[in-house]
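What follows is a set of notes on a single structure, which appears directly below.
The values are calculated or read from the model by the stated rules, or taken from the named source; none is laboratory data. From a predicted model like this one, the values you see are computed outputs, not experimental measurements. Positions of Cβ are generated from backbone atoms using ideal geometry, with glycine treated the same way; all protein chains shown enter the neighbour counts.
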Amino acid sequence: MAELFGESLTRDDIRRRSGQLAAYGGVRLMELADGTERGIRLLEFRTGAGLRFTVLVDRAMDIAEVDWRGASLGWHGPSGLRSAALHEPEGEGGFGWARSFTGFLVTCGLDHILGPEEVEASHYGYPGIRTKRHGLHGRIANIPARLTGYGERWDGDRCILWAEGVVRQATTFGEYLVLTRRIEAELDGSEIRLTDRVTNEGFAPTPHMFFYHVNLGAPLLAEGARYVAPIADVVWAAHAARYRDQGTGYAVVPAPQDRFVEQVWQHETAPDAGGEVPVALMNDRLGLGLQVTTRKDQLPCLYEWQHFQAGAYGFGIEPSTHHVLGDNAARERGEMTWLKAGEERRYDARFTVLDGAATLGKAEARIRAIIGQPDDPYPTPSGNFRPLTVPATIR
């Protein structure tokens, strides 16, 4: 049964109380109509428990807004939503991606992640293309999906809100990778469930890299908010040469700053007994948090993005398939994922709202029971990039 507005309701109870499920929650398709977001289709999910989020059909089925009882949890970047038709993937030396960068979830991949790089491409067998130049974080986030279905599905007295779409990243002389994404939430729920499959629909072996750029913003993101994660080792910091200059360590969020320079960390995390890695941002003043849960065998690396610049104040939890070293390094280390014809990888993620001091405490206790994180806010990076084992291929 659904626990809604102080009552335990069966499917029949809800039917008796209203002519439509929309009185309590549901999924609906809309289209934005003004400015740079004009023409973007989005799906609005409402669980009835206070969770509302929007899925960008025309932006890779990524998640834009996430609200809990009126409080925004996701990041709203200065670019705002921008139609994929306006995106310039080759612009600004590969950094044009940032002009379309906003929202709670931005998917990175499918054949490249991290900074702009030129990589070898002879495996595609086309004499005119010996190398490929990739922009920041790849192309997938700005490709429209084909919406294959959405709605509400009853399983007895349990109601599941869902959507599914297919995103194709393909070219004649290169990759042909397809992302199939399913998003679910329970009526009365406080959690978003994501299931992704990336398949090589072509016939040439194709490199595959992938990560979730999960972005949190105000009011959840605020001075004193805490990053809680099962960190076994701090591997790398982009800002090691100016380590303490900005007075910002890895664990506690400062107020917005006028001249903050982006900080990025890579952490080696430990999974729980079931192979999961839970990571959270917690705001004790609000009694509110957001937990990201992924699988260590699917996304073995974890980045932390700190962008505490005034006017673009954001924080990122970024589980990834590869080290922050990049595309060429993954090839040189023998850690690149090469998908053969018809092969695929699966990725599972959950985004859970933590509401109230008791819920925050329970989540923190679970994380700390896996392994304690460093007490020093400025831990010296170890530089120990552990060898990655390429997971078994799924057909």
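Of all residues in segment 298-334, those satisfying the criterion of being in contact (Cβ under 8 Å) with a residue 12 or more places away in the chain and among the acidic types (Asp, Glu) are GLU304, GLU318, ASP327. Entry remark, segment 24-50: residues being under 19 Å from ALA2 (Cα atoms), in contact with a strand residue (DSSP E or B) (Cβ under 6 Å, 6 or more places away or on another chain) and not polar (S, T, N, Q) number 8 in total.
No other residue among LEU110, LEU56 is in contact with a Gly (Cβ under 9 Å, 6 or more places away or on another chain) and either small (Gly, Ala, Ser) or closer than 21 Å to THR321 by Cβ (or both) apart from LEU110. Among the residues that make up segment 333-347, is at least one of them under 26 Å from TRP236 (Cβ atoms) and either over 23 Å from the mean Cα position of the chain (by Cα) or at pLDDT below 95 (or both)? Yes, segment 333-347 has at least one match. Counting only strands (runs of 3 or more DSSP E) that fall entirely inside segment 1-74 and contain at least 2 residues that are without any contact (Cβ under 8 Å) to a residue 24 or more places away in the chain, the qualifying elements are 7-9, 26-31, 41-46, 51-56.
Remark: GLY189 falls outside the filter, which requires a residue to be closer than 16 Å to GLY109 by Cα and assigned to a loop (DSSP other than H, G, I, E, B).
Of the residues in segment 232-244, not one is buried (at least 17 other Cβ atoms within 10 Å of the Cβ) and farther than 27 Å from ARG331 by Cα. Just one residue in the set LEU56, LEU21, LEU86, LEU51 is closer than 29 Å to ARG197 by Cβ, surrounded by fewer than 17 Cβ atoms within 10 Å (Cβ to Cβ), out of contact with any His (no Cβ under 9 Å at 6 or more places or on another chain) and not aromatic (Phe, Trp, Tyr); that residue is LEU86. One residue stands out in segment 232-284 among those that are polar (S, T, N, Q) and in contact with a Pro (Cβ under 6 Å, 6 or more places away or on another chain): the one that is nearest to LEU216 (Cα to Cα), namely THR248.
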